[in-house]
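Below is one structure, written out as structure tokens; the observations come after it.
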Amino acid sequence: MDYTELDRLVATLPRKRIGFYPTPFHRLDNLSAAHGVNFFLKREDMAGPGTLSGSKTRLAEFIIGQALREGVTHVISQGVYLTNSGMQFATACRVAGLTPILYLTRDENRHGELTEYRGNLLLNKIMDVELHYQPTRGGAYWDATDEQQKVTDAMNARKAELEAQGHKALIVPTGGAHPYGFVGHALTFKEMIEQAETHGVGLDYVYHTAGTGTALPGLIAAKLMTGHPVRFRSIAICGYQPGGWMNVEVIVERVRHILGLLGVPVPADEVIRAEIDVDERFIGEDYAVPSPEGVAAIRELAMADGVFLGPVYTAKGFAGLLDHVRSGRVEPGSNVAFLHTGDTGNLFEIPEVVGNVAM
Ligand SMILES: *Cc1c(COP(=O)(O)O)cnc(C)c1O
């Protein structure tokens, strides 16, 4: 299938325009010269509408597009207190005239008590988002199932309360992982391939930071639909082992969902699985805890080409890419695009999140 046909199929879905698309795509001239590969950035961090954006805005366009059709008035989402996704959904709600509500957790053993508003939380405050705050004690954010249950119960109770008052509420899971949204990143893939062509380049690899599994399914679906030979490499910021909260089978299922939604044939699971390559070596000590490689990556990209990564996601992802280049897993001369999914608001977080980026 060609890209016009992909566009046509996606255009049949409800969508509320929120971001500025296509997002920019450009070469990193200085970093490329230093490493002997052609680095490109796809700038989902510049998706808008605010200056600090990210990859969740694409999801929000489709989720909110459907929500508006269904008469939704309130969107309830959740995440860690510094969530990029939550902030982008709140922004999207404001654009669409819906009321944003966020349930936020904070591991106080790791990040201390909340004493000031910074980063994404500050932006949520400025937008006057209805914030519900739940301190947690220790443990990886994702795997604390009892804490998670408390949040789920609280969101369901708030939804019921709103609906008793005659409103209609939609709950969007962590990371914007709602089935209406996954198709959004098929468009990211399409834009990226077309933009690379205008540079006279065929991409060999697309790297990105993998967490809640919302960008990769759309990218894979579009690749399978169009038959492009590019390979995906995901650098994880949380575990992707079988049976874990996130894992390869979740991605496979979401790819199947997107293809089904667009009414195109779904290949065998092995075909989808073969597109997935997750490297878990760059998680560092824990989620939202800075890693030395991540700090070095933030500094290297900023000093080389003046682009800022965020400490929680994109720094760790880019650190993985740089490691693969240095070790030869990315062959010299390759054309590599890194999906800059955002996270720059987190540069203004507490030092326990940011690390020592300003040496
Ligand atoms: C959510 C997020 C990710 C991980 O995203 P998935 O595509 O859901 O795996 C990566 N980077 C940033 C900045 C994010 O906010």
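The table for this structure:
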quantity: Cα centre as origin, Lys/Arg/Asp/Glu Cβ charges: the range 295-359 dipole, Debye; calculated: 140 debye
quantity: Prolate/oblate/rounded label for the range 1-81 (Cα gyration tensor, a/c 1.5); calculated: oblate
quantity: Average Cα contact separation per residue, the chain, under 8 Å, 6 or more apart, as relative contact order %; calculated: 21 percent
quantity: Alpha-carbon gyration tensor eigenvalues x 5, square-rooted, for the range 56-176, Å; calculated: 24, 16, 13
quantity: Gyration tensor verdict on the chain (Cα atoms; rounded if a/c is under 1.5, prolate if a/b is larger than b/c, oblate otherwise); calculated: oblate
quantity: Inter-probe distance in nm under a simple model that places probes 7 Å from Cα toward Cβ, at Glu249 and Arg299; calculated: 4.3 nm
quantity: Accessible surface ranking that places the most exposed of Leu339, Leu131 first, with a 1.4 angstrom probe; calculated: Leu131, Leu339
quantity: By accessible area with a 1.4 Å probe, ligands and nucleic acids excluded, highest first: order of Phe308, Phe232; calculated: Phe308, Phe232
quantity: Solvent-accessible area of Asp153 with every protein chain in place, 1.4 Å probe, in Å² to the nearest 10; calculated: 80 Å²
quantity: Positive-end extreme of charge dipole, the chain - chosen from Leu339, Ala96, Ile272 (charges on Cβ); calculated: Ala96
quantity: Cα gyration tensor shape for the range 180-304, rounded if a/c is under 1.5, else prolate or oblate; calculated: oblate
quantity: Antiparallel bridges, percent of DSSP beta bridges restricted to the range 26-126 (to nearest 5); calculated: 20 percent
quantity: Per-residue [θ]222 nm for the chain (sum of -39500 (n - 2.57) over DSSP H runs n ≥ 4, rounded to 500); calculated: -12500 deg cm²/dmol
quantity: Sum of side-chain charges, Ser234 neighbourhood, beta-carbon under 14 Å (Lys, Arg +1; Asp, Glu -1); calculated: +3
quantity: Projected label distance in nm at Arg69 and Ser327, using a 7 Å step from Cα toward the beta-carbon; calculated: 4.4 nm
quantity: Accessible area of the chain divided out per residue, in Å², using a probe of 1.4 angstrom; calculated: 39 Å²
quantity: Gain upon complete extension [Phe20, Ala268; 0.36 nm per residue less C-alpha separation]; calculated: 85.8 nm
quantity: Within-10-Å neighbourhood charge of Val252 [Cβ basis; K, R +1; D, E -1]; calculated: -2
quantity: Dipole in debye (nearest 20) - the chain, about Cα centre, beta carbon charges: Lys, Arg +1; Asp, Glu -1; calculated: 720 debye
quantity: Probe 1.4 Å, all protein chains present, accessible-area order of Lys150, Lys316, largest first; calculated: Lys150, Lys316
quantity: Cβ-based net charge around His340, under 12 Å, with every Lys or Arg adding one and every Asp or Glu removing one; calculated: -2
quantity: Area accessible to solvent at Met46, 1.4 Å probe radius, in Å²; calculated: 90 Å²
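The values are calculated or read from the model by the stated rules, or taken from the named source; none is laboratory data. None of the values given here were measured: they were computed from a predicted structure. Counting neighbours? That spans all protein chains shown, and the Cβs are built from the backbone with ideal geometry, glycine included. The accessibility values were calculated without ligands, DNA or RNA, using every heavy atom of the protein model including side chains. Shrake-Rupley method; radii C 1.70, N 1.55, O 1.52, S 1.80 Å.
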